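Below is one structure; the comments refer to it alone.
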Amino acid sequence: MANTIPSLIGGKDVASARTAPVLNPHNGEEIAQLTLADGAIVDAAVKAARAAQAAWAATPAVKRGEIHFKACALIEERAEELSKIVAEEAGKPLKDARGETGGAVQCGRFFAGEGQRLFGRTMPSNTANKYAMTIRQPCGVAALIIAANTPAPNFAWKVFPALICGNAVVLKPAEDTPRSADWMARVLIEAGVPAGVLNVVQGLGGDVGPALTEHPGVDVISFTGSTRVGRMIAEQAGKHLKKVSLELGGKNAFVVCDDADLDKAVKWAAASAFSNAGQRCAAGSRFIVFDAVYDAFVQKFVAAAKAQKLGVSDESDLGPVINERQLSNMLAAIDKAQSAGAKVLTGGKRASGALAGGFYLEPTIVEGAKPGDEISVHELFGPIAALYRVKDYAEAVALANQSEYGLTAAIHTRSIDRAWNFAQAVETGVAVVNAGTFGSEPHMPFGGRRASGNGTREPGTEALDIYTELKDIYLVIDPP
Ligand code: NAD
């Protein structure tokens, strides 16, 4: 069946007897059948990667970079094809998917350039005629597991740095967005990445994930996904002392001070909470507002939420969430919050009418939840904002930091003192002044504290630390 998505191992399609439907989140219709890999297929992929890795590591990094540049040129040439796949399988407006394709190419080019650097350091020695330096060497086989929210950049953030460092890769895409990963992997192979150096195993996280992360042939694991799964991977990796990078969830605070430009704050609040249907690890979900401007801010924010246009046309602001299960979890969390005394100011329901067949949640704003309530504590990964009223800056910072997570945060203020103090005091990996809660630019290190990760940073040159092992070299010279 043309619409069946196989695994890709050693450059060859690998089918599987078990399949599952891939649904278009916009209307719930089947768009493809995903083949579900099992342990034997995972084993074959890791073995193919191991067999191909040494020759790839021996290929000069500059040459590996040239292949990356070629792959980026091909992706750019065929950007519309990839963007359409992403828009359909992830359920988002084509304009958003095009932006993501552009982001993936930018990331690829950044790491292609790293092939000309891949820096170590030279340092002085304490002994005469002795020279000390570090070089970077590949880890070996990298297992890369990614989430569905922005599938093309998620692929790029991990695959390009892992490859430029000379590793072979086994990628496990999210089961909801397998086609974009399949498409991108084939383009990289067409650009010159040797068969076996980049393998894709398709299937369910619970089957493929553990078989991959626990495989003795895997040297480094990089995972983007939920904190729940990240914890399981960390436990496994710890047992075998495997190198692991975890980019996990967030429950990000957005602070509005009494001296904020309220219209600007509302514009960024809506973008932070609702863009990509709130399915961004960096999404703003806790809106902490000074008492003095609370009523004015809330009135404008609710109006902005009501004005959000749902759908996947280029006039739309946000599409559906990724699947029925996630939508049900969100609706249950909103119900629970209401039972605990919170009030839904707008949204809170599945979209009806023409969008009823899709996995749409109306942009939702909730007020009156307590900081310890579930809706304040758990990441929901949907277009849901909770409001908190605080009396002053000190209370705002304390509440912003009252979270298991520590990924991003934003503050809106005209005071440079507050802005700078917040940037220092907020316990997150990213702090933003007078804009939205952001992810990262491709050359910047992104990551979070506490339950948002394990301290690693991707992408940026910091990603090189994940995908390489440093070696110290000492050279002792006898002067002639
Ligand atoms: P998820 O953890 O359920 O799934 C993510 C990936 O892990 C998928 O490919 C899935 O198949 C796989 N997986 C599932 N069970 C597994 C297991 N037992 N072993 C190994 N792999 C397994 O997450 P999700 O709900 O699909 O994605 C949303 C989450 O991702 C949110 O928490 C979000 O914040 C996070 N995220 C983080 C970043 C970041 O950079 N920090 C970026 C995007 C998304």
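Miscellaneous remarks
- Every condition in (1) away from the ligand (no atom under 16 Å from the Cβ); (2) in contact with a strand residue (DSSP E or B) (Cβ under 6 Å, 6 or more places away or on another chain); (3) open to solvent by 10 Å² or more (accessible area, probe 1.4 Å) holds for Thr428 except the one numbered (1).
- Flag for Pro210 being in contact (Cβ under 8 Å) with a residue 12 or more places away in the chain, in a helix (DSSP H, G or I) and more than 24 Å from Pro153 (Cβ to Cβ): yes
- When Met444 is tested against (1) open to solvent by 30 Å² or more (accessible area, probe 1.4 Å); (2) among the aliphatic types (A, V, I, L, M); (3) at pLDDT 95 or above, just one condition goes unmet, and that condition is (3).
- Flag for Ala435 being open to solvent by less than 50 Å² (accessible area, probe 1.4 Å) and closer than 19 Å to Leu144 by Cα: no
- Residue in region 222-229 that is of a type in the set (Val, Ile, Thr), more than 20 Å from Ala168 (Cα to Cα) and within 16 Å of the ligand (Cβ to nearest atom) present: yes
- Close pairs from region 374-401: first under 24 Å from Lys92 (Cα atoms), partner open to solvent by 20 Å² or more (accessible area, probe 1.4 Å) and among the polar types (S, T, N, Q), Cβ under 8 Å, at least 6 apart: Glu379/Ser226; Leu380/Asn329; Phe381/Asn149; Phe381/Gln326; Gly382/Gln326; Pro383/Gln308
- For the condition outside any strand (DSSP E or B) and open to solvent by 50 Å² or more (accessible area, probe 1.4 Å), Ala398 qualifies.
- Filter result for Glu100 (in contact (Cβ under 8 Å) with a residue 24 or more places away in the chain and either open to solvent by less than 40 Å² (accessible area, probe 1.4 Å) or closer than 25 Å to Thr456 by Cβ (or both)): yes
- Pairs are defined by a Cβ separation below 8 Å, a sequence spacing of at least 6 or placement on different chains, a first member in region 318-331 that is open to solvent by less than 10 Å² (accessible area, probe 1.4 Å), and a second member that is of a type in the set (Asp, Glu) and more than 13 Å from the ligand (Cβ to nearest atom); the pairs so defined are Gly319/Asp96.
- Qualifying residue in region 400-409 (condition: more than 25 Å from Gly341 (Cβ to Cβ), touching a helix residue (DSSP H, G or I) at 6+ places or on another chain (Cβ under 6 Å) and of a type outside the set (Ser, Thr, Tyr)): yes
- Restricting attention to region 7-52, the residues that are closer than 25 Å to Gly319 by Cβ and either assigned to a strand (DSSP E or B) or not acidic (Asp, Glu) (or both) add up to 14.
- Only one entry in Lys251, Lys264 is charged (D, E, K, R) and away from the ligand (no atom under 16 Å from the Cβ), namely Lys264.
- Any chance Ile233 is at pLDDT 95 or above, within 16 Å of the ligand (Cβ to nearest atom) and buried (at least 23 other Cβ atoms within 10 Å of the Cβ): yes
The values are calculated or read from the model by the stated rules, or taken from the named source; none is laboratory data. Here the structure is a predicted model, which means the values were calculated and not measured. Every residue, glycine among them, receives a Cβ derived from its backbone with ideal geometry; neighbour counts consider all protein chains shown. Just so you know, the surface numbers come from the protein's heavy atoms only, side chains and all, with ligands and any DNA or RNA stripped out. Shrake-Rupley method; radii C 1.70, N 1.55, O 1.52, S 1.80 Å.
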